[in-house]
Amino acid sequence: MIAYLERFVHGNDVESRQDDDDDCSSLFNALDLQGTIDCLATGLAGKDFGGLYSSKPLALVRPSGADDVARVVKAAARSSSLTVAARGNGHSISGQAMADRGLVMDMRSMEDHFQVVRKNGTVFADVSGGALWEDVLKRCVLGFGLAPRSWTDYLGLTVGGTLSNAGVSGQAFRYGPQTSNVAELEVVTGKGDIFVCSETENSQLFFGALGGLGQFGIITRARVLLQPAPDMVRWIRVVYTEFEDFTRDAEFLVTRREGDSFDYVEGFVFVNSDDPINGWPSVPLDPDQAFDPTRIPQTAGSVLYCLEVAFHYRNNDHPSTVDRVVNRLLGRLGFLAHLKFEVDLRYMEFLLRVKRAEEHAKANGIWDAPHPWLNLFVSQSDIADFDRHVFKNILKAGIGGPMLIYPLVRSMWDTRTSVVLPKDEIFYIIALLRFSPPYPKGPLAEKLVAQNHEIIQCCINKGFDFKLYLPHYKSQEEWKGHFGNQWTRFVERKAIFDPLAILAPGQKIFSRMI
Ligand code: FAD
């Protein structure tokens, strides 16, 4: 079998397509997988949502379960240079799920594992690492009236993919990121060993894999914490002209105890103009609602701020009770009068809200265009300066897509995981989600990448305390800087769980060892 693998790796001598076919089927037979291997139609595996990078893998493996994953990793370990990348739904921006001339594992092809588990009065769902969160949502809510507590905004992402980063949305202030809401993982390490791990069992692997950028193992199963799902959500947007007012209210809401705040808190910056993508029209929640710009004070600047909140309730809650609680919470906030938008919708519809944007973008050809996105975590102490230099200056004309900003609470994050955060107890996630049409209708992707660099450089020059979220670096030196005093722990974990650096080569943190 190794001979077959070596031939692939060094295989410039492969003469014909027929040879490729033969070798591939030999490789497949040698590995004895339940799933399949495709050495020709690997197109999907060499691309991602970012559309900025592409690579040619040796083969696309469709594992059927953890045993298949382990066999493939072990085979790669026995070769001299093969790498293995788990590919969730390929929604990375910078080739993180790719393996140039390596094996890409399509995690979505894993057998559909789903089981509700009750333990010591707590309910969990055991789900496959390759499951899409939207499917987890549907099964939990429709089958059991339960739901995970912490989400991402968009649910066409896999469980293993978001757990390898953090998984953040408007619930994270209360429950922490998705990495704070799993009790157990099944992981295939870079040695091809299959381990069940948790806070108390193989804990180094458990915490290493959470936020571990795929470096220590491939998550084949996760045990996700559940809670009763609400029936309905009141989704509300309110507008601010002053950044200080916006952040004061957002921070007030994320530091209240449960029952005395909203269930979801996010926000975004928008342009003070009639721009259909970044301006006033981006604020209303329903086509029937209109944004009345005459309500904006003359003193307002080039950008405005929108606080987005949601309140969960049940069908049998009396409408006047819901109104009373929501109005009491809103009454403590200092947004602009008459610039409030709200809709009531079913809980699943709320969580699947970005799906509508996806359908729209697909219809316009924007979904498949390049997406040079930038995600940052910025400490509270630097956020006003960040607003002044970045939103009010560099990005004052918008980015052709949402510019999210909302506060998160550091103590809800487990520092034993591999995620790195800025120092303050409150820090902000900034997500610049560019959705421009492809060039020449839209700007050149390189120009947008250059603007991202300008923003990062601005943060460095001003001495802001920040970290990249969904980081992307090209050299180990930069990765060292990213991890800071956690670098040593990261390297130690790598040496234990993936000593040959076989896994997730697209992150460009470690080079494959011979
Ligand atoms: P991939 O891109 O396929 O993989 C990402 C990395 O994880 C790769 O290094 C890969 O090798 C590794 N990996 C994948 N599966 C596994 C596994 N099972 N075990 C170990 N490693 C694995 N993030 C948020 O936090 N909040 C959001 O609201 C949010 N919204 C988004 C909306 C859109 C439209 C997009 C495109 C992205 C969004 N993201 C968000 C970012 C998203 O969480 C990450 O890009 C994530 O990596 C994508 O998941 P994926 O399943 O596509 O992973």
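Annotation: Ala59 fulfils all but one of (1) more than 27 Å from Leu444 (Cα to Cα); (2) surrounded by fewer than 21 Cβ atoms within 10 Å (Cβ to Cβ); the unmet one is (2).
Which one of these is under 22 Å from the mean Cα position of the chain (by Cα) and not assigned by TED's automatic domain parsing to the domain that holds Gly95: Ile405, Ile394?
Values: Ile394 fails: under 22 Å from the mean Cα position of the chain (by Cα).
So the residue among Ile405, Ile394 that is under 22 Å from the mean Cα position of the chain (by Cα) and not assigned by TED's automatic domain parsing to the domain that holds Gly95 is Ile405.
Criterion first (at pLDDT 95 or above, under 23 Å from Ala310 (Cβ atoms) and in contact with an Asp or Glu (Cβ under 6 Å, 6 or more places away or on another chain)) does Gly176 satisfy it? Let's see the steps before the verdict.
Values: at pLDDT 95 or above: yes; under 23 Å from Ala310 (Cβ atoms): yes; in contact with an Asp or Glu (Cβ under 6 Å, 6 or more places away or on another chain): no.
Answer is no for this residue.
When the residues of segment 76-94 are filtered to those that are within 12 Å of the ligand (Cβ to nearest atom), of a type in the set (A, V, I, L, M, F, W, C) and closer than 23 Å to Gln34 by Cα, the one that is surrounded by the most Cβ atoms within 10 Å (Cβ to Cβ) is Ala86.
One residue stands out in segment 122-171 among those that are more than 9 Å from the ligand (Cβ to nearest atom) and of a type in the set (Val, Ile, Thr): the one that is farthest from Gly88 (Cα to Cα), namely Thr122. Residues of segment 347-388 that are modelled with pLDDT under 95 and away from the ligand (no atom under 15 Å from the Cβ): Ala363, Gly365. Counting the residues of segment 95-119 that are on the phi < 0 side of the Ramachandran plot, surrounded by fewer than 21 Cβ atoms within 10 Å (Cβ to Cβ) and touching a helix residue (DSSP H, G or I) at 6+ places or on another chain (Cβ under 9 Å) gives 4. Counting the residues of segment 442-454 that are in contact (Cβ under 8 Å) with a residue 12 or more places away in the chain, more than 16 Å from the ligand (Cβ to nearest atom) and either under 20 Å from Gln96 (Cβ atoms) or surrounded by fewer than 16 Cβ atoms within 10 Å (Cβ to Cβ) (or both) gives 2. Counting only strands (runs of 3 or more DSSP E) that sit wholly inside segment 131-203, those with at least 1 residues that are buried (at least 24 other Cβ atoms within 10 Å of the Cβ) and not hydrophobic (A, V, I, L, M, F, W, C) are 146-148, 182-189.
If you go through segment 354-387 and keep only what is of a type in the set (Lys, Arg) and either at positive phi or in contact (Cβ under 8 Å) with a residue 24 or more places away in the chain (or both), you end up with just Lys355. Is one or more of the residues making up segment 119-133 within 19 Å of Glu349 (Cα to Cα) and out of contact with any His (no Cβ under 8 Å at 6 or more places or on another chain)? Yes, segment 119-133 contains at least one residue that is within 19 Å of Glu349 (Cα to Cα) and out of contact with any His (no Cβ under 8 Å at 6 or more places or on another chain).
Apart from one condition, Leu225 fits all of (1) among the aliphatic types (A, V, I, L, M); (2) touching a helix residue (DSSP H, G or I) at 6+ places or on another chain (Cβ under 7 Å); (3) part of a strand (DSSP E or B); the exception is (2).
The values are calculated or read from the model by the stated rules, or taken from the named source; none is laboratory data. Computed from a predicted model, the values in this text were never measured in an experiment. Neighbour counts run over all protein chains shown; Cβ positions are idealised from the backbone, glycine included.
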